[in-house]
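The values are calculated or read from the model by the stated rules, or taken from the named source; none is laboratory data. Please read these numbers as outputs of a predicted model, since none were measured by experiment. Here the Cβ is made from the backbone with ideal geometry for all residues, glycine too, and neighbour counts use every protein chain on show. Please note that ligands, DNA and RNA were not included when accessible areas were found on the heavy atoms of the full protein model with its side chains. Shrake-Rupley method; radii C 1.70, N 1.55, O 1.52, S 1.80 Å.
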Amino acid sequence: MAQPKFVDIATAPLDRYRSILSEEEFAVVEQVAERAREEFAGRAIWHVSSTARGGGVAEILHSMLPYVRGAGVDTRWVVLRESDDFFLVTKRLHNHLHGDPGDGGSLGDAERLTYENALASSAAQLARLLQPGDVVYLHDPQTAGLVPAMKELGAKVIWRCHVGVDKPGRLVHDAWDFLRPYLASADTFIFSRRAYIWDGIDPDKVWLMPPSIDPFSPKNQDLDPGTVAAILQEIGILADSVEHAPVFMRGDGSPGRVERSGELLQEEPIPHDAKVVAQISRWDRLKDPHGLVECFAEYIDDPTVHLVVTGPETEAVSDDPEGAAVYGDVAETWRRLPDETRRRVHLVSLPMYDLDENGAMVNALQRGADVLVQKSIAEGFGLVVAEGMWKGKPFVGSRVGGIQDQIIDGESGVLIDDPHDLEAFGRAIRSLLDDPARAEALGQAARERVREHFLTVGRLIQYVELVASLAST
């Protein structure tokens with residue numbers, strides 16, 4: 001049996017937040033940390049997920065858990081090591097929970113057998129690690145089948161569902177029906193949005209926790225314009241001309257340097273005087289990178305404007321077997337573009353070998369853009385939106401899922417009601433490019449909205465309250 005993989009978790013000092021919180025706000029954080037040390041003494045909190053790189057769940061854990069450790073709590077993170085067949089089933093579940101048919105396959109007896117057999121092995125390995133009274137925090141459909149086994153070990157079990165839709169249909173209910181038998185004994189359920197709470201879930205067991213970002217991580221820390229340009233040159237997306245070091249601060253506070261390039265599909269690098277529109281996400285059909293390229297080709301005809309569509313190297317995201325096919329479709333669309341349009345469209349796959357370096361690359365791509373886009377057809381929360389808003393950038397996003405919780409239309413960005421409306425996206429993007437003052441105002445309002453609602457330190461307070469409530473029962 002393959003051992004679950006332990007993920008290294010750094011320790012981050014809560015004192016970092018003194019610079020962006022008021023004295024009263026930070027006093028609350030210190031009180032919460034003290035309570036955490038007292039409540040969790042002798043206990044471990046285990047997080048279990050399907051991957052440590054690529055996607056929102058990994059982002060949340062990489063940003064949150066170092067501060068939990070910094071508060072003095074024994075926190076651990078393990079990743080499932082499962083088969084390709086298992087991840088085909090869980091990707092199907094993921095798609096169905098978004099109301100999308102995905103590969104068109106079923107969720108029948110054969111899929112249930114694959115799912116249960118794989119998780120039985122993981123449960124046996126986890127049983128050797130846990131102690132009674134530990135708290136196990138399971139993330140998304142990949143881990144739901146572990147709930148009964150973890151309860152039998154005497155653990156308190158939290159299951160967090162990061163995905164959902166506002167109006168569930170048959171496909172969503174099929175996924176719920178597949179997962180319900182495993183979830184009955186969970187102590188607590190966490191959803192990102194009220195609309196995502198499943199029918200039949202005991203409301204007394206439900207907590208609402210929107211995702212959050214760490215403003216001091218390599219992905220979100222401040223970078224000066226020279227460093228941004230140097231990192232973009234190192235990636236290969238920006239024409240050479242800047243003599244500056246592509247440096248950043250790693251999550252543990254040590255210095256880092258971007259040394260790898262991206263995997264690029266482009267005719268030539270972007271000129272320094274160009275305007276840039278960018279979308280950063282997994283290579284996922286539900287993020288609609290293909291539609292964004294078509295939108296740009298049809299409605300953004302300014303020769304000075306370039307589009308950058310960015311995702312992770314597909315082989316690095318183990319729990320997403322569809323990523324390579326989606327990237328291949330977008331690449332084929334790029335090849336069919338007219339010559340002049342193709343010159344202005346850039347596809348970038350970022351290396352995932354060093355997650356801090358990858359974060360710095362994403363940071364520079366967002367800071368180097370004039371307008372950011374998230375043209376999702378469906379979305380659980382869309383944490384990349386908060387990341388871009390934190391950089392003071394104007395965002396154009398679909399009015400789906402958690403994107404509409406982050407962007408207030410006309411105040412901190414622009415929302416498009418129909419995610420398939422290419423013309424509306426094109427019109428919104430052009431309006432921001434043509435009105436820099438409005439774009440700047442929206443960007444500054446966006447940053448303040450993230451400071452008030454979507455920083456990790458605020459979620460840490462909820463996290464401690466939740467786990468403490470379980471530890472005391």
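Considering only residues in segment 188-214 that are open to solvent by less than 40 Å² (accessible area, probe 1.4 Å) and touching a helix residue (DSSP H, G or I) at 6+ places or on another chain (Cβ under 6 Å), the one that is nearest to Arg160 (Cα to Cα) turns out to be Phe189. If you filter segment 413-428 down to residues that are closer than 10 Å to Gly397 by Cα and part of a helix (DSSP H, G or I), you find that the one that is nearest to the chain's Cα centre (by Cα) is Phe425. The set of residues in segment 261-277 being surrounded by 16 or more Cβ atoms within 10 Å (Cβ to Cβ) and assigned to a loop (DSSP other than H, G, I, E, B) consists of Gly262, Gln266, Pro269, Ala274.
Need the failing condition index for Leu355 against (1) open to solvent by 30 Å² or more (accessible area, probe 1.4 Å); (2) more than 19 Å from the chain's Cα centre (by Cα), just the number. The number of the failed condition is (2).
I'd like to check which helices (runs of 4 or more DSSP H) are fully inside segment 98-189 and have at least 3 residues that are within 26 Å of the chain's Cα centre (by Cα).
Values: elements: 109-127, 147-152, 170-183.
The qualifying helices (runs of 4 or more DSSP H) are 109-127, 170-183.
A residue that is closer than 23 Å to Val206 by Cβ and touching a residue at least 40 places away in the same chain (Cβ under 8 Å) occurs somewhere in segment 433-454. Checked across segment 334-346, the condition of being touching a residue at least 60 places away in the same chain (Cβ under 8 Å) and of a type in the set (A, V, I, L, M) holds for at least one residue.
Count of segment 18-71 residues, restricted to those that are crowded, with 18+ Cβ neighbours inside 10 Å, farther than 17 Å from Gly458 by Cα and modelled with pLDDT of 90 or more, is 5. Of all residue pairs spaced 6 or more apart or on separate chains, those with beta-carbon atoms under 9 Å, a first member in segment 5-28 that is free of Cβ contacts under 8 Å to residues at least 40 places away in the same chain and a second member that is acidic (Asp, Glu) are Phe26/Asp15.
Okay, residues lined up against (1) open to solvent by 10 Å² or more (accessible area, probe 1.4 Å); (2) touching a residue at least 40 places away in the same chain (Cβ under 8 Å); (3) basic (Lys, Arg):
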{"residue": "Leu146", "(1), (2), (3)": "no, yes, no"}
{"residue": "Glu152", "(1), (2), (3)": "yes, no, no"}
{"residue": "Val157", "(1), (2), (3)": "no, no, no"}
{"residue": "Val165", "(1), (2), (3)": "yes, yes, no"}
{"residue": "Pro168", "(1), (2), (3)": "yes, yes, no"}
{"residue": "His173", "(1), (2), (3)": "yes, no, no"}
{"residue": "Leu179", "(1), (2), (3)": "no, yes, no"}
{"residue": "Tyr182", "(1), (2), (3)": "yes, no, no"}
{"residue": "Ser185", "(1), (2), (3)": "yes, no, no"}
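Number of residues in segment 234-244 that are modelled with pLDDT of 95 or more, among the hydrophobic types (A, V, I, L, M, F, W, C) and part of a loop (DSSP other than H, G, I, E, B) equals 1.
Residues considered: Gly397, Gly426, Gly410. Of these, the only one that is of a type in the set (Gly, Ala, Ser), modelled with pLDDT of 95 or more and open to solvent by 10 Å² or more (accessible area, probe 1.4 Å) is Gly410.
Here Asp15 meets each of (1) open to solvent by 30 Å² or more (accessible area, probe 1.4 Å); (2) of a type outside the set (Val, Ile, Thr); (3) not in a helix (DSSP H, G or I) with one exception, condition (3). May I ask you to verify whether Arg37 is of a type outside the set (A, V, I, L, M), free of Cβ contacts under 8 Å to residues at least 40 places away in the same chain and in contact with a Gly (Cβ under 7 Å, 6 or more places away or on another chain)? Judged against the criteria, Arg37 is a match. Of the listed requirements (1) more than 30 Å from Pro215 (Cβ to Cβ); (2) crowded, with 23+ Cβ neighbours inside 10 Å, Thr75 misses just one: (1). Mind listing just one residue for me: the one in segment 323-358 that is touching a Pro at 6+ places or on another chain (Cβ under 6 Å) and modelled with pLDDT under 95 and, of those, farthest from Met249 (Cα to Cα)? It comes out as Met352. Of the helices (runs of 4 or more DSSP H) lying entirely inside segment 278-393, those carrying at least 1 residues that are under 22 Å from Asp417 (Cα atoms) are 289-299, 383-390.
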